[in-house]
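The values are calculated or read from the model by the stated rules, or taken from the named source; none is laboratory data. Nothing here was measured: the structure is a model prediction, and the numbers come from that model. We place every Cβ from the backbone using ideal geometry, glycine too, and count neighbours over all the protein chains shown. Remember, those area values only see protein heavy atoms, side chains included, never the ligands or the DNA or RNA. Shrake-Rupley method; radii C 1.70, N 1.55, O 1.52, S 1.80 Å.
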Amino acid sequence: MEEEKRAQQLAELERQLSEDRPVDWESLPDIPLYMDQVVSYLGRQLIGFGRGDTLTSAMVNNYIKDGLVPRAQGKRYGREHLVYLTLVAAVKQVLSVRDMKVLMEGVDGPLDAQHLYQTFQGNLDAALKNTLEHMESFPGREENLSGLALSLALRSYADALACRRVVELLRPSEEMKKKKGKNEESV
């Protein structure tokens with residue numbers, strides 16, 4: 001009975017990895033939302049299992065205070081806020097707020113919200129498909145769930161390690177910051 005339940009849960013996870021995606025840009029609400037609506041909406045944007053996988057209102061306020069997410073317009077949040085918060089919810093377990101900020105600003109400055117969101121969607125889709133393919137090809141996965149979990153954990157470790165290093169490469173060096181500051185002073 002326990003094995004059958006695990007097999008069903010594994011099949012459901014695979015279905016989610018295959019099908020569940022954040023809505024397209026055009027399907028994001030085009031009316032301003034209040035905080036409780038934002039938090040509720042974000043809970044449906046990403047695959048989650050009810051263990052605090054998304055964001056709380058306190059977290060949203062902290063991300064705004066840290067400059068990671070734009071300030072609300074009054075007490076209302078629009079598409080741009082949903083884009084940034086969806087991205088934050090997806091990468092918060094891998095990157096610090098400081099690193100997320102560097103990632104979102106990119107090399108050539110911040111992307112517009114629509115382009116950022118579409119880039120995020122494409123990359124998330126590829127990552128979920130890659131994970132699904134890995135799971136489906138793992139030898140004896142139903143009988144060796146601990147081996148599958150270890151394999152996935154080590155892939156996550158390797159990806160996070162590489163991600164943090166790449167973000168460091170994006171971060172402007174102290175020398176570049178000083179040079180930019182001098183140029184701005186002379187203008």
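The share of accessible area on the chain that comes from carbon and sulfur is 52 percent, using a 1.4 angstrom probe. Determine the shape class of the stretch 1-45: with a ≥ b ≥ c the square roots of the Cα gyration tensor eigenvalues, call it rounded for a/c under 1.5, and otherwise prolate if a/b is greater than b/c, oblate otherwise. Oblate is the answer for the stretch 1-45, as a/c is 1.5 or above yet b/c matches or exceeds a/b.
Dipole magnitude for the stretch 1-62: computed about the Cα centre from +1 point charges on Lys and Arg Cβ and -1 point charges on Asp and Glu Cβ, it is near 200 debye.
Ordering GLN9, MET59, LEU82 by the projection of their Cα atoms onto the charge dipole of the stretch 1-157, which places +1 on the Cβ of Lys and Arg and -1 on the Cβ of Asp and Glu, puts MET59 at the extreme positive end.
Calculate the FRET efficiency for SER96 and MET1 from the Cβ-Cβ distance with a Förster distance of 41 Å, rounded to the nearest 0.05. Can you show the working numbers first?
Values: r = 43 Å, r/R0 = 1.05.
My answer for the efficiency is 0.40.
For the chain, the mean residue ellipticity at 222 nm estimated from helices alone is -22000 deg cm²/dmol, where every DSSP H run of n ≥ 4 contributes -39500 (n - 2.57) and the total is divided by all residues, rounded to the nearest 500. Each part reduced to its alpha carbon centroid, the stretch 22-39 and the stretch 110-176 end up 25 Å apart.
At a probe radius of 1.4 angstrom, the accessible area of the chain per residue rounds to 65 square angstrom. Taking the chain as a Gaussian network of alpha-carbon nodes connected by springs under 10 Å, the highest mean-square fluctuation of the residues TYR77, TYR63, TYR157 belongs to TYR157. If each of ASP36 and GLU19 carries a label point 7 Å out from its Cα toward its Cβ, how far apart are those two points in nm? Result: 3.1 nm between the two label points. Would you mind counting up the charge near SER96? Only other residues with Cβ under 13 Å from its Cβ, with Lys and Arg at +1 and Asp and Glu at -1. Cβ neighbours under 13 Å give a net charge of +2.
Across all Cα pairs in the chain, the calculated P(r) in 10 Å bins from zero up to the longest distance comes to 8, 29, 32, 20, 8, 2, 1, 0 percent per bin. Cross-link candidates for LYS101: which aspartates and glutamates have Cα within less than 17 Å, leaving aside residues fewer than 8 places away along the same chain? LYS101 reaches ASP66, GLU80, ASP112, GLU168, GLU174.
So how strong a dipole does the chain carry about its Cα centre when Lys and Arg Cβ are +1 and Asp and Glu Cβ are -1, to the nearest 20 debye?
960 debye
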